[in-house]
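Down below is the structure, laid out as structure tokens.
The numbers here are math on the coordinates, done by the rules we state, and not lab data. Just so it is clear, the model here is predicted, and its values are computed rather than measured. Methodologically, a virtual Cβ is constructed for each residue, glycine included, from the backbone with ideal geometry; neighbour enumeration extends over all protein chains shown.
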Amino acid sequence: MEKIFIVDDELNIRKAISEHILGPLYDCFTAQDGAEALNVFEKKLPDLVMLDIKIPKINGLTVLKKMKEISPETPVIIMTGNASIETAIEAMKNGAYDFLLKPFNIDKLKITVKNALETCKITRTNRVIQSEIGSVYTFDSIIGISLPMKKVFNLISKATENNVTVLIQGESGTGKELVAKEIHYNSDRKNKPFIAVNSTAIPESLLEHELFGAEKGSFTGAYQQTKGKFELADGGTIFLDEIGDIDIQMQSKLLRVIQEKEFYRIGGNEPVRVDVRIISATNKDLKVATDQGKFRNDLYYRLTVFPIMLPSLKERKEDIEPLTNHFLKIYSQKIKKKVTGIDSQALHAILNHDWPGNIRELENIIERGIILTKNELLTLEDVPSEIYKNMAEEVPAPVPTSNTLIIPLVESERIIILNALKCTQGNIRQAAKALGIDRSTLYRKLRETPDFRE
């Protein structure tokens, strides 16, 4: 719910607006003078301010200027009596959105507030879009030198050139939303909205409202008409993540949108037409789901016009090192810590991990390592033990011959300890951690092993 800040020295005006006129529609809070107004504004950063010109302590015009310095995009509506219209016009020159004369016309007040909020929302959306187009979403934003990723890049390039429905498939953490953004921001829809919807994050009972919106009065609490994600994405792209988890009833409504390019808001009688490109994603096998009756066959074929399958990180080992360097650069800057790279042992562990959580797991581990490290290079100490717990088993035991059908336990233990020390460059603490034993136990075993006796 949008936050409205009412600043007026008259209690009856503050209460009338905050409790009766706008209260049912917005989250309203108030202040009675200029000093209090600036203090509250900086703490709460409202979506819109209604500001009386003649207020005590600090006059309204000065308050307006300071608010615009703090948050230039926040719309401020000036409230004034007939005698101070010139001041109100001066306020508009200094960035006020509009002004309202006292006593208020309630309908005009509501319309002015609604228009101001919508204008502000559009301004912010355009700024975000331009920022994203200009910097983040170029083809360089997906890291990959492996053959599987080269095939993905080729498919992305084809998808950007055609206004086709795309289904992105892959395990969790493989970067499905990033691929969807690549397609959108390199297509002819790049100047229009990209709206992402995570189907699993929204309760089934609310998903229809989230996607299609609702008419005023269509259910308890529907005080005004609301636009759904499809309507907000008009002209652009809607990204439906985890499409395989949507129930059968909602699948029918999605099929209608794809086929007819229109839908009904909840409680609505008139269809709403939209021009939206649909990109969906799933970590499930939708073909299996259709065979099991859990996913509509006709919707499946509508969504899979242009499928893109993302490889797991385990299938693109060549990309692990460049991805690691990429995340090191990003998070060392974000965390403001001088971490220039990763040492050979830590890199070796990372390259040989299976990465069940894929790129997301790698990113999280690099971020965590940068937070923990006291060095300019990440070491084994900075990564979780599960990343390198199998390193000690990399050197195989000798292959039994006819004369040595059974390897003595002490010999196997010696080989494992030797490899652990080799992998950790002789670091006792790291070797013990990799072996799953404490340092005193490792020291004792070293003293008991002839090769390691001093």
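Can you sort LEU48, LEU100 from fewest to most other Cβ atoms within 10 Å of each residue's own Cβ? Going from least to most buried by this count: LEU100, LEU48. Between LYS43 and GLU19, the modelled labels are 2.2 nm apart [label points 7 Å from Cα along Cα→Cβ].
Taking amide H positions as modeled 1.01 Å from N, with prolines and chain starts lacking one, the residues under 5 Å from ILE78 and 5 or more places away or on another chain are LEU51, TYR97, ASP98, PHE99, LEU100.
Straight-line cross-link reach from LYS284 at under 16 Å between alpha-carbon atoms covers these aspartates and glutamates, not counting any fewer than eight positions away in the same chain: GLU171, GLU177, ASP241, GLU242, ASP245, ASP247. Footprinting exposure proxy ranking of LEU178, LEU372, LEU211, fewest other C-beta atoms within 10 angstrom first, gives LEU372, LEU178, LEU211.
Were the residues from ASP247 through ASP275 laid out at 0.36 nm apart, the gain over their Cα-Cα distance would be 7.7 nm.
How much mean residue ellipticity at 222 nm does the chain get from its helices, if each DSSP H run of length 4 or more adds -39500 (n - 2.57) and you divide by all residues, to the nearest 500 deg cm²/dmol? Estimated from H runs of four or more residues: -13500 deg cm²/dmol. Taking amide H as placed 1.01 Å from N in the peptide plane, the amide H of LEU378 sits under 5 Å from that of GLY341, ILE342, ASP343, each at least 5 places away or on another chain. The separation of segment 244-259 from segment 296-314, counted between C-alpha centres, amounts to 15 Å.
Applied to segment 311-317, the Karplus parametrisation 6.51 cos²θ - 1.76 cosθ + 1.60 on θ = phi - 60° returns per-residue 3J(HN,Hα) values of x, 6, 5, 5, 8, 9, 4 Hz, with x for Gly and Pro. One decimal place: the segment LYS158-ASN59 gains 29.8 nm when fully extended, by the rule 0.36 nm per residue minus the C-alpha distance. Comparing Cα centroids, segment 49-79 and segment 8-40 end up 13 angstrom apart. Other residues lying with their Cβ under 12 Å from the Cβ of SER440 contribute a combined charge of +4, Lys and Arg counting +1, Asp and Glu -1.
Residues whose amide H falls under 5 Å from that of ILE308, counting only those 5 or more places apart or on a different chain, are LEU167, ILE168, GLN169, with hydrogens built in the peptide plane. Extending 7 Å from the Cα toward the beta-carbon at both ILE258 and GLU386 defines two label points whose distance is 3.5 nm.
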